[in-house]
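Asks: Supplied in structure tokens, the structure appears directly below.
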Amino acid sequence: MTIEMVRAIEPLIPALRRYARALLANRADADDLVQDCLERAVSRWHQRRPDSEPRPWLFAILHNLAMTRLRRASSRPRSASIDETGELEFARPATQEDALRHAELLRALAQLPEDQRAVLLLVAVEELSYAEAATALDIPIGTVMSRLSRARARLHTLLSAEPARAPVSPPLRRVK
């Protein structure tokens, strides 16, 4: 590992961890994902374009690894014993208003389709440009813009919606 590589990668680790946690919603799995991403980046450092920034390249690696894990996880059920599960997974958020808003935001983010959530997190949270997000996700920049627009609109709808009420059935009319 060269000093240049360390200087390029090390400042990006907190952002990679944030993105991984947002995608996987599990701290331990997210840390494992970042570790795998960094291992892959170090072993393939020679394959990246030397004239480009490493940030979108690292986010692309992380995103692709996350999508692979999510696809694998959806095909088999997850189980864990109580002894293996950490206390943090049983912890409840504080009942304060900010904690409730945070939980509501996380629920709304979880309801977004994966492609929209990924673009929203990269652009809004990790502050990647549209071009960098397009590179990271390997999609056209126009697709980034449309997914971001749909994600923001859907998130706004989810966060501003009133609680769902039971539908009122119309009165029935008897016809003879």
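The values are calculated or read from the model by the stated rules, or taken from the named source; none is laboratory data. All values derive from a computational prediction rather than experimental measurement. Neighbour counts are summed over all protein chains in view; Cβ atoms, including those assigned to glycine, are modelled from backbone coordinates with ideal geometry. The protein model used for the area step is the full one, side chains on, heavy atoms only, and it has no ligands, DNA or RNA in it. Shrake-Rupley method; radii C 1.70, N 1.55, O 1.52, S 1.80 Å.
Asks: Report, by residue number, each residue of region 1-32 that is within 18 Å of the chain's Cα centre (by Cα) and more than 25 Å from Glu104 (Cβ to Cβ). Spell out the reasoning first.
Replies: So in region 1-32, the residues within 18 Å of the chain's Cα centre (by Cα) come out as 12-32.
Scanning region 1-32 gives Leu12, Ile13, Leu16, Asp31, Asp32.
Asks: Sticking with this structure for a sec: Residues in region 1-21 that are in a helix (DSSP H, G or I), at pLDDT below 90 and open to solvent by 20 Å² or more (accessible area, probe 1.4 Å): how many?
Replies: Of the residues in region 1-21, 5 are in a helix (DSSP H, G or I), at pLDDT below 90 and open to solvent by 20 Å² or more (accessible area, probe 1.4 Å).
Asks: Give the residues of region 27-60 that are open to solvent by less than 40 Å² (accessible area, probe 1.4 Å) and either in contact (Cβ under 8 Å) with a residue 60 or more places away in the chain or in a helix (DSSP H, G or I) (or both), sorted by residue number.
Replies: Our first condition is that a residue be open to solvent by less than 40 Å² (accessible area, probe 1.4 Å); within region 27-60, this holds for 30, 33-34, 37-38, 41, 45, 48, 54, 56, 58-60.
Matches in region 27-60: Ala30, Leu33, Val34, Cys37, Leu38, Ala41, Trp45, Pro54, Pro56, Leu58, Phe59, Ala60.
Asks: Next up: Taking region 99-129 only, how many residues are closer than 20 Å to Met145 by Cα, of a type outside the set (A, V, I, L, M) and free of Cβ contacts under 8 Å to residues at least 40 places away in the same chain?
Replies: The qualifying residues number 5.
Asks: Which residue is farthest from Arg17 (Cα to Cα), if the candidates are limited to region 93-137 and must be among the polar types (S, T, N, Q) and in a helix (DSSP H, G or I)?
Replies: Gln111
Asks: Here is a follow-up. Could you please find all residues in region 147-160 being surrounded by 15 or more Cβ atoms within 10 Å (Cβ to Cβ) and not aliphatic (A, V, I, L, M)? First the steps, then the outcome.
Replies: First, pick out the residues of region 147-160 that are surrounded by 15 or more Cβ atoms within 10 Å (Cβ to Cβ): 147-148, 150-152, 154-155, 158.
Matches in region 147-160: Arg147, Arg150, Arg152, Arg154.
Asks: Filter region 113-146 down to the residues that are more than 16 Å from Ser52 (Cα to Cα), open to solvent by 60 Å² or more (accessible area, probe 1.4 Å) and touching a Phe, Trp or Tyr at 6+ places or on another chain (Cβ under 9 Å) and list them by number.
Replies: Answer for region 113-146, where residues must be more than 16 Å from Ser52 (Cα to Cα), open to solvent by 60 Å² or more (accessible area, probe 1.4 Å) and touching a Phe, Trp or Tyr at 6+ places or on another chain (Cβ under 9 Å): Val125, Ile141, Met145.
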